[in-house]
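**Q** Take this structure, written in structure tokens, and hold onto it; I'll ask about it next.
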Amino acid sequence: MFHKEHDAFPKDFLWGSASAAYQVEGAMSEDGKGESVWDRFVKIPGKTFKGTTGEVAVDHYHRYKEDVRLMAEQGLKAYRFSIAWSRIIPDGDGEVNEKGLEFYDNLIDELLKYDIEPVVTLYHWDIPQALQDKYQGWESRQVIEDFTRYAEILFKRYNDKVNYWVSLNEQNIFIMLGYRMAAHPPNVTDEKRMYAANHIAHLANASVIKRFRELGMKGKIGPSFAYGPTYALDSHPLNQLAAENNEEFNAHLWMDIYVRGEYPSVVWKYLERHDLAPEIKPGDTELLKAGKPDFMGLNYYQTATVEANPLDGVGAGKINTTGKKGTSEASGLPGLYKSAKNPFIEKTDWDWDIDPTGLRVAMRRINSRYQLPILITENGLGAYDDLEEDGSIHDDYRIDFLRNHVKAIQEAITDGVEVLGYCTWSYTDLLSWMNGYQKRYGFVYVDREELDEKELKRYKKDSYFWYKKVIETNGQEL
Ligand code: BG6
């Protein structure tokens, strides 16, 4: 369906950008911060590109004023960032660390000074290590209470200042990479434990949303979900079925529970037959149903193209974390689906499919299955950038990527999808978890290398100026 003319972006559309605590802050043990699972995990040899860590990251903890000033100059309307649980409650369930709260008080006030809407993520993957040691983190139901207590501290402190809250960031990613691939903490490969931890994370997510309602908070809350809509490789019925399977196991398993409080029946039956089903206790379903979000946070990077996978077929394959194109392996779930190469789509140097239309498809599917407004909480291109001698960075490839995705959003709006805003990933360059610092996403270049922090100087990329114009014209000039 093509429109002759497009609807304009809504007047109060949130043109934003995003980051996460571990990826930008640094100051790993300053002002009373406790250790998080990521502080520990990155020390395991071979887990991250060249052994990079977020110990210093891009030093946002000390340079937040400079970073916010850059946002203000650009005209940014919203900034999504995460709060580190281990700064607020260093051991996860004990004393509150006032110094940790002060950092976020200051950051939020600085944003509000320039009329930048803070979008606060409660959890972006960095559970306190003490809780991992004490009861295995997301594998114990105790985490539901501890996470809710932590969230409540933030809700009460920032109710007057924050209008948009994100509960869990990409539960599907931290659970699958953490418990299936051992590529994230807690470094496990065990399907049964994965589904058990996932169920508990669902309960924790619902519990904070329920508490949000009980407290009569004035803002809106929702999870950020990493959704890559599935295409079948071709019209072969078995490949179409594989695409259905991929949607069930990689999307509905999370979004159905967020919105309806119920497991998709196809997934549930499979889990039972394979002895992988989590324990459902009395009251679980009621709690899940009480956690309905106000919006679906959408983190969109790419689509997934799949084909049929035999019962003795491909399992989890290697991820490209080096930026050498073509080094990722096919991966899948035997009997259900496996990844396939989409012949119509270009890839990034990290083998991620570049597909702006996929964003429109994602928005359309969420809209028609869940009838919720969408807040795009992440979208961006990880690429190599070159800093020129005069301090410029000509990232026209990033501008093309973002422009095409913004067009797709406008098309989805014209189709009838309600969208609250768009946060690009990311504001400044930052640590890309397993891929080091060379995989850059920002509007603002940060001069550091994997193992050389240099001076961490900030430079505006060409995309910075492009987005400034987009914001100024409310998306009319792309
Ligand atoms: C999302 C995360 O999965 O994608 C971000 O929420 C992350 O934290 C981003 O950085 C890009 O992924 P990567 O692996 O390229 O850093």
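The values are calculated or read from the model by the stated rules, or taken from the named source; none is laboratory data. These numbers were taken from a predicted model, which means no experiment stands behind them. Note that each Cβ is placed from the backbone with ideal geometry, even for glycine, and that neighbours are counted across all protein chains shown. The accessibility values were calculated without ligands, DNA or RNA, using every heavy atom of the protein model including side chains. Shrake-Rupley method; radii C 1.70, N 1.55, O 1.52, S 1.80 Å.
**Q** Report yes if some residue within segment 219-239 is farther than 28 Å from residue 423 by Cα and among the hydroxyl-bearing types (Ser, Thr, Tyr); otherwise report no.
**A** Within segment 219-239, one or more residues are farther than 28 Å from residue 423 by Cα and among the hydroxyl-bearing types (Ser, Thr, Tyr).
Results for (1) on the phi > 0 side of the Ramachandran plot; (2) under 23 Å from the mean Cα position of the chain (by Cα); (3) not basic (Lys, Arg), shown as yes or no for each residue.
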{"site": "66", "(1), (2), (3)": "no, no, yes"}
{"site": "72", "(1), (2), (3)": "no, no, yes"}
{"site": "87", "(1), (2), (3)": "no, yes, no"}
{"site": "93", "(1), (2), (3)": "no, no, yes"}
{"site": "103", "(1), (2), (3)": "no, yes, yes"}
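**Q** While we're here: What pairs come out if I take residues in segment 167-182 that are within 14 Å of residue 147 (Cβ to Cβ) and pair them with residues that are near the ligand (Cβ under 10 Å from one of its atoms) and open to solvent by 10 Å² or more (accessible area, probe 1.4 Å) whose C-beta lies under 6 Å away, six or more apart or interchain?
**A** Once the first residue is within 14 Å of residue 147 (Cβ to Cβ) and sits in segment 167-182, its partners that are near the ligand (Cβ under 10 Å from one of its atoms) and open to solvent by 10 Å² or more (accessible area, probe 1.4 Å) give 174/125.
Conditions tested, residue by residue: (1) touching a Lys or Arg at 6+ places or on another chain (Cβ under 6 Å); (2) of a type in the set (Gly, Ala, Ser); (3) farther than 18 Å from residue 37 by Cβ.
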{"site": "86", "(1), (2), (3)": "yes, yes, no"}
{"site": "101", "(1), (2), (3)": "no, no, yes"}
{"site": "113", "(1), (2), (3)": "no, no, yes"}
{"site": "134", "(1), (2), (3)": "no, no, no"}
{"site": "142", "(1), (2), (3)": "no, no, no"}
{"site": "153", "(1), (2), (3)": "no, no, yes"}
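**Q** How many of the residues making up segment 148-183 are within 16 Å of the ligand (Cβ to nearest atom), in contact with a Leu (Cβ under 6 Å, 6 or more places away or on another chain) and within 20 Å of residue 87 (Cβ to Cβ)?
**A** Residues in segment 148-183 being within 16 Å of the ligand (Cβ to nearest atom), in contact with a Leu (Cβ under 6 Å, 6 or more places away or on another chain) and within 20 Å of residue 87 (Cβ to Cβ): 1 in total.
**Q** Got a sec? Which of 192, 220, 210 is under 18 Å from the mean Cα position of the chain (by Cα) and surrounded by fewer than 23 Cβ atoms within 10 Å (Cβ to Cβ)?
**A** Result: 220 is the single residue among 192, 220, 210 that is under 18 Å from the mean Cα position of the chain (by Cα) and surrounded by fewer than 23 Cβ atoms within 10 Å (Cβ to Cβ).
**Q** Within the group 222, 216, 228, which residue is assigned to a loop (DSSP other than H, G, I, E, B) and within 16 Å of the ligand (Cβ to nearest atom)?
**A** 228
**Q** A follow-up question, please. Across segment 429-447, what is the number of residues that are open to solvent by 10 Å² or more (accessible area, probe 1.4 Å) and outside any loop (DSSP other than H, G, I, E, B)?
**A** 2
**Q** Go through segment 421-478 and give me each residue that's more than 16 Å from the ligand (Cβ to nearest atom) and of a type in the set (Asp, Glu).
**A** Passing the criteria: 447, 449, 452, 453, 455, 462, 472, 477.
**Q** Output the number of residues of segment 105-152 satisfying the condition of being closer than 21 Å to residue 41 by Cα and touching a residue at least 24 places away in the same chain (Cβ under 8 Å).
**A** Total satisfying the criteria: 19.
**Q** Which pairs have Cβ atoms under 6 Å, sit 6 or more apart or on different chains, and link a residue in segment 449-465 that is touching a residue at least 40 places away in the same chain (Cβ under 8 Å) to one that is assigned to a loop (DSSP other than H, G, I, E, B) and open to solvent by 80 Å² or more (accessible area, probe 1.4 Å)?
**A** Sorted first by the residue in segment 449-465, then by its partner, the pairs are 462/394.
**Q** Out of the residues in segment 235-288 that are of a type in the set (Val, Ile, Thr) and open to solvent by 30 Å² or more (accessible area, probe 1.4 Å), which is nearest to residue 305 (Cα to Cα)?
**A** Ranking the qualifying residues of segment 235-288, first place goes to 266.
**Q** Answer yes if at least one residue in segment 360-378 is crowded, with 22+ Cβ neighbours inside 10 Å, within 16 Å of the ligand (Cβ to nearest atom) and under 23 Å from residue 59 (Cα atoms), and no otherwise.
**A** For segment 360-378, residues crowded, with 22+ Cβ neighbours inside 10 Å, within 16 Å of the ligand (Cβ to nearest atom) and under 23 Å from residue 59 (Cα atoms): present.
**Q** Just name the residue that is nearest to the ligand (Cβ to nearest atom) out of those in segment 339-359 that are open to solvent by 50 Å² or more (accessible area, probe 1.4 Å) and not aromatic (Phe, Trp, Tyr).
**A** 349
**Q** Report, by residue number, each residue of segment 10-20 that is open to solvent by less than 10 Å² (accessible area, probe 1.4 Å) and either assigned to a loop (DSSP other than H, G, I, E, B) or more than 16 Å from the ligand (Cβ to nearest atom) (or both).
**A** If the condition is that a residue be open to solvent by less than 10 Å² (accessible area, probe 1.4 Å) and either assigned to a loop (DSSP other than H, G, I, E, B) or more than 16 Å from the ligand (Cβ to nearest atom) (or both), then 13, 15, 19, 20 are the ones that fit.
Quick grid of which residues meet (1) within 14 Å of the ligand (Cβ to nearest atom); (2) buried (at least 20 other Cβ atoms within 10 Å of the Cβ):
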site	(1), (2)
290	no, no
296	no, yes
300	yes, yes
303	no, yes
307	no, yes
312	no, no
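**Q** Let me ask another. Suppose we filter segment 343-380 for residues that are free of Cβ contacts under 8 Å to residues at least 12 places away in the same chain, part of a loop (DSSP other than H, G, I, E, B) and within 16 Å of residue 416 (Cβ to Cβ); how many remain?
**A** Result for segment 343-380: 1.
**Q** Here's another thing I want to ask about it. How about segment 21-43: which of its residues are in contact (Cβ under 8 Å) with a residue 12 or more places away in the chain and open to solvent by 60 Å² or more (accessible area, probe 1.4 Å)?
**A** Once the filter is applied, which keeps residues that are in contact (Cβ under 8 Å) with a residue 12 or more places away in the chain and open to solvent by 60 Å² or more (accessible area, probe 1.4 Å), segment 21-43 yields 30, 31, 35, 40.
**Q** Filter segment 108-137 down to the residues that are under 22 Å from residue 187 (Cβ atoms) and open to solvent by less than 10 Å² (accessible area, probe 1.4 Å), then identify the one that is farthest from the ligand (Cβ to nearest atom).
**A** Here the residue is 131.
**Q** Examine segment 408-424 for a residue that is surrounded by fewer than 20 Cβ atoms within 10 Å (Cβ to Cβ) and closer than 30 Å to residue 27 by Cβ, and state whether such a residue exists.
**A** No, segment 408-424 has no match at all.
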